[in-house]
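The values are calculated or read from the model by the stated rules, or taken from the named source; none is laboratory data. Just so you know, these numbers come straight off a predicted model, no measurement behind them. Glycine also receives a Cβ, built like all others from the backbone with ideal geometry; neighbour counts cover every protein chain displayed.
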Amino acid sequence: MKSLIILLFLILNSLFFSGYTKGQDKKRDFSVEVDSVLRLMTLEEKVGQMIQYSNNRLNTGPAINTNNVTEEVRTGRVGSVFNVLSVEHTRQYQDLAMQSRLKIPLLFGLDVVHGMKTTFPIPLAEAASFDLALMEKAAEISAAETSAYGIHWSFAPMVDISRDARWGRVMEGAGEDPWYGSQVAKARVKGFQGDSYEDRKTIMACAKHFAAYGAVVAGKDYSEADISENTLHNIYLPPFKAAVDAGVATLMNGFNEINGIPATAHKGLQRELLKQEWGFDGFVVSDWGSVSEIATHGMAKDNKEAAKLAVLAGCDMDMESMSYERNLVDLVNEGQLDIRFINDAVKRILTKKFELGLFDDPYGYTYRSNEIDDENIVSSYRTVARDIAVKSIVLLKNQQEVLPINPNVQKIALVGPLNKSRKDMLGSWVAVGTEDGVISVYEGLRTALPDVEITYIEGYDLETNELKTLPETDHFDLVIVAVGERAQESGEAKSKVDINVHKNQQQLVKTLKEESTSPVVTLLMGGRPLVFSDMEPLSDAILMTWWLGTEAGNAIADVLTGKHNPSGKLPMTFPKYIGQCPIYYGHKNTGRPWQPDNRYVTGYMDETVLPAYPFGFGLSYTDFEIGKPKTDRETYEMGDTVQVTVDVKNTGTRLGTETVQLYLRDMVSSVTRPVLELCGIQQVALSCGEEKRITFTLTTNDLGFYAAENKFVVEPGQFKLFAGNSSDNLESSSFELID
Ligand code: BGC
């Protein structure tokens, strides 16, 4: 018997490595190949495939795994290693895997959240560009760069809807809107994965964190999400469904619990909804240590029970917690866990290894490392990085058209250490990008304005925020001051109770305004919506510049000088007061909708409910007029398409791009619906005086929602449509849907 198995193994092995199984076509059905490998595997080897370790040299979470990872790989007890940062190193690990009995190749993963070496703007900033094609391109480039490092798998996109700016991880996603979040999820998945893995320039994406991590109570990271089923289905799940429909290879579950059940142990979400109902055929990886945390949440008495619950729930791979490694074999041998669950998980993981072509050539992703430093390639990536960085900038205020910088300006004071910081421009979740490659604001502006005298003034200490003595700023024609967050202030474990721009920084802006006769332009930096009521009235112009990555300085200079007319729009509402959080445009009407000067309405007694800047807001150096949305009919039947036309005119004096936003309101429904729901965006570039008619096409399905018992319904009745360039600047019309 033993010799028969070895013979079969040798035959299969030679088939895999002879190129017989052309493994690159991810649409191909590999079930025969997968089954034949599975039959050769011992229980220990199967469990090994379900284990993922961080390379011991780099931890992106609390160090848990105490194993000697290299030895575990050599003995076939590991399916994936992450945080391995070079081709040489991936090769070393793969060499070890090739010494194991079955030579099953390893998968290498990494958090490529906004670029590998070329760092793109943080995802929330990219989302502000509202340019889906460009976001797809950025993910495609990230994949090309990542794969050149020998890595097959990015733990991105993060598709958590985020409505509370106190939560540090809002920087990783696409903001507050479920429809837009779904479009961005699709674009990023397509960008990472392409149509096939054939040329090994595409990699697996991972939609995370399934699910509702963005709903953690009061914005506290890792906290519980306590939301209705209706909110879960209508708000938090759509981007995951969109990612699955776009063919995402993997999902990561979350640290949070949802209505009493830790996401990692959530059978209803993972096994039933995701795998059965949505037909997801990829695999689910846990978040860092989240399997053992099921016990900490209080749902399992120990790691063994946690491991069992996670497997039953459909969590196929254990990142770091060692719970699978220590318990799954025993659980199966003791009859506590049916081997079918293990087989299902292993098949899913092996299928991805086949699709990536790793059985064909385990080193398939290691031959392009020469591209990493190829100047032509790097510079073509940087061109795209600059383009998207430029388009991510949002102009929040521009009094007396102080921007773009007037050509007569001779002397500029550039105030604030963020103007010289390269590191902070990279933001949080940087893969291998380093500050060496970054263009600072100071450098970008120097290059853009070679004839202007630019004087750098520190203004405050970057580490302590202590104010520094200011020189006379009177003789400058323009003051540009950079304030906001440093890179380490948003991201994982970076939730805050105070999202105000630091009081000293706001004081600096005030002082500059008071002590100088020249206009003050504020560059606001950070990974989340910030509150800055004190300095807002004292800034003549404000640009939200987020963290824009490698090309930050050039991009900011492009917008300041008018080389590019700003076109970014806010993907998250900016609150006026922290007490307004969570705040989002798509709220419910309530029985007592807010009205000014009325006491018994939905709101606060001390301050307004209105935000500082609404979702979708962003100015341009030109003006646009957007007409009413016009439908091609007044009445539609189920299954019809609704054609909506909107006239857009550039009424200003410059060429510019406007993002026309189409919103919807279902006036009467079996479950209440938001006062506004984004359902379409279109970007139009218009020269001055130019006018265009744009068309949106909706299907009646676009009018549906999840109602009672989480059933998707499209209900007849009256609908309102709204078009405009911000969620608070809209023209409307109505139509009816009949049965
Ligand atoms: C984060 C994930 C990330 C993982 C691996 C966790 O702490 O929540 O988003 O992919 O670490 O770095």
Q: Return yes or no: is GLY23 surrounded by 15 or more Cβ atoms within 10 Å (Cβ to Cβ), at pLDDT 95 or above and of a type in the set (Gly, Ala, Ser)?
A: no
Q | Residue in region 292-309 that is surrounded by the fewest Cβ atoms within 10 Å (Cβ to Cβ), counting only those that are hydrophobic (A, V, I, L, M, F, W, C) and either more than 16 Å from the ligand (Cβ to nearest atom) or within 19 Å of VAL189 (Cα to Cα) (or both) | A | MET299
Q. What number of residues in region 219-229 are away from the ligand (no atom under 15 Å from the Cβ) and of a type in the set (Ser, Thr, Tyr)?
A. 1
**Q.** region 627-647, residues that are closer than 21 Å to ASN729 by Cβ and surrounded by fewer than 21 Cβ atoms within 10 Å (Cβ to Cβ)
**A.** GLY627, LYS628, LYS630, THR631, THR645, ASP647
Q.
On the basis of being under 27 Å from ASN83 (Cα atoms), of a type in the set (S, T, N, Q) and surrounded by 24 or more Cβ atoms within 10 Å (Cβ to Cβ), does SER321 make the cut?
A. yes
Q: Kindly provide the set of residues from region 200-232 that are touching a residue at least 40 places away in the same chain (Cβ under 8 Å) and charged (D, E, K, R), ordered by number.
A: ARG200, LYS201, LYS208, LYS220, ASP221, GLU229
Q.
For region 359-379, give me each residue that is among the hydrophobic types (A, V, I, L, M, F, W, C), crowded, with 18+ Cβ neighbours inside 10 Å and within 10 Å of ALA148 (Cβ to Cβ).
A. ILE377
(Q) Looking at region 281-306, I want the residues that are within 14 Å of GLU257 (Cα to Cα) and touching a residue at least 40 places away in the same chain (Cβ under 8 Å) and have a partner that is of a type in the set (Phe, Trp, Tyr) and within 16 Å of the ligand (Cβ to nearest atom) with Cβ atoms under 8 Å, at least 6 apart or on another chain. Which pairs are those? (A) ASP287/PHE255
Q.
If I go through region 693-718 residue by residue, how many of them are in a strand (DSSP E or B) and touching a residue at least 24 places away in the same chain (Cβ under 8 Å)?
A. 12
Q | Residue count for region 584-613, restricted to those that are within 25 Å of MET667 (Cα to Cα), part of a loop (DSSP other than H, G, I, E, B) and within 34 Å of the chain's Cα centre (by Cα) | A | 13
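So that you can scan it fast, the table gives a plain yes or no per residue for (1) closer than 25 Å to ARG422 by Cβ; (2) in contact with a strand residue (DSSP E or B) (Cβ under 7 Å, 6 or more places away or on another chain); (3) modelled with pLDDT under 95; (4) assigned by TED's automatic domain parsing to the domain that holds VAL402:
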{"site": "ARG486", "(1), (2), (3), (4)": "yes, no, no, yes"}
{"site": "ASN500", "(1), (2), (3), (4)": "no, yes, no, yes"}
{"site": "ASN504", "(1), (2), (3), (4)": "yes, yes, no, yes"}
{"site": "GLN507", "(1), (2), (3), (4)": "no, yes, no, yes"}
{"site": "LYS510", "(1), (2), (3), (4)": "no, no, no, yes"}
{"site": "LYS513", "(1), (2), (3), (4)": "no, yes, no, yes"}
{"site": "SER516", "(1), (2), (3), (4)": "no, yes, yes, yes"}
{"site": "VAL520", "(1), (2), (3), (4)": "yes, yes, no, yes"}
Q | Test set (1) away from the ligand (no atom under 16 Å from the Cβ); (2) within 30 Å of ALA187 (Cα to Cα); (3) in a loop (DSSP other than H, G, I, E, B) - GLY115 fails condition number | A | (1)
Q. Of the conditions (1) in a helix (DSSP H, G or I); (2) within 20 Å of GLU224 (Cβ to Cβ); (3) within 16 Å of the ligand (Cβ to nearest atom), GLY289 fails just one. Which one is it?
A. (1)
Q) In region 492-530, how many are under 30 Å from VAL217 (Cα atoms), part of a helix (DSSP H, G or I) and touching an Asp or Glu at 6+ places or on another chain (Cβ under 9 Å)? A) 3
Q: Report, by residue number, each residue of region 230-265 that is within 16 Å of the ligand (Cβ to nearest atom), part of a helix (DSSP H, G or I), touching a helix residue (DSSP H, G or I) at 6+ places or on another chain (Cβ under 6 Å) and of a type outside the set (Ser, Thr, Tyr).
A: PRO239, ALA243
Q. Out of curiosity, is THR561 in contact with a helix residue (DSSP H, G or I) (Cβ under 9 Å, 6 or more places away or on another chain), of a type in the set (Val, Ile, Thr) and buried (at least 23 other Cβ atoms within 10 Å of the Cβ)?
A. no
Q) What residue, of ASN333, ASN343, ASN327, is crowded, with 22+ Cβ neighbours inside 10 Å, more than 16 Å from the ligand (Cβ to nearest atom), closer than 30 Å to VAL32 by Cα and of a type in the set (S, T, N, Q)? A) ASN327
**Q.** ALA541 being within 30 Å of VAL432 (Cβ to Cβ), crowded, with 22+ Cβ neighbours inside 10 Å and small (Gly, Ala, Ser)
**A.** no
Q. When region 308-326 is examined, which residues are found to be more than 20 Å from GLU272 (Cβ to Cβ), aliphatic (A, V, I, L, M) and part of a helix (DSSP H, G or I)?
A. none
Q) Taking region 573-602 only, how many residues are touching a Phe, Trp or Tyr at 6+ places or on another chain (Cβ under 7 Å) and either closer than 29 Å to THR653 by Cα or among the hydrophobic types (A, V, I, L, M, F, W, C) (or both)? A) 3
Q) Can you name the residue in region 165-178 that is closer than 15 Å to LEU237 by Cβ and touching a helix residue (DSSP H, G or I) at 6+ places or on another chain (Cβ under 7 Å) and is also farthest from the ligand (Cβ to nearest atom) among such residues? A) PRO178
Q. Any idea how many residues of region 614-645 are outside any loop (DSSP other than H, G, I, E, B) and farther than 14 Å from LEU686 by Cα?
A. 11
Q.
Tally up the residues in region 76-104 that are part of a loop (DSSP other than H, G, I, E, B) and buried (at least 24 other Cβ atoms within 10 Å of the Cβ), please.
A. 4
Q: Select from region 399-436 the residues that are assigned to a helix (DSSP H, G or I) and free of Cβ contacts under 8 Å to residues at least 24 places away in the same chain and list them in ascending order.
A: GLU435, ASP436
Q) How many residues are surrounded by 20 or more Cβ atoms within 10 Å (Cβ to Cβ), more than 31 Å from the chain's Cα centre (by Cα) and not aliphatic (A, V, I, L, M) when one looks only at region 490-515? A) 1
Q. Being part of a loop (DSSP other than H, G, I, E, B), away from the ligand (no atom under 14 Å from the Cβ) and small (Gly, Ala, Ser), is that true of even one residue in region 191-206?
A. yes
(Q) Looking at the structure I just gave you, is ALA187 part of a loop (DSSP other than H, G, I, E, B), under 12 Å from the mean Cα position of the chain (by Cα) and aliphatic (A, V, I, L, M)? (A) no
Q. Among the residues of region 469-489 satisfying the criterion of being exposed (fewer than 15 other Cβ atoms within 10 Å of the Cβ) and more than 16 Å from the ligand (Cβ to nearest atom), which is nearest to the chain's Cα centre (by Cα)?
A. THR469
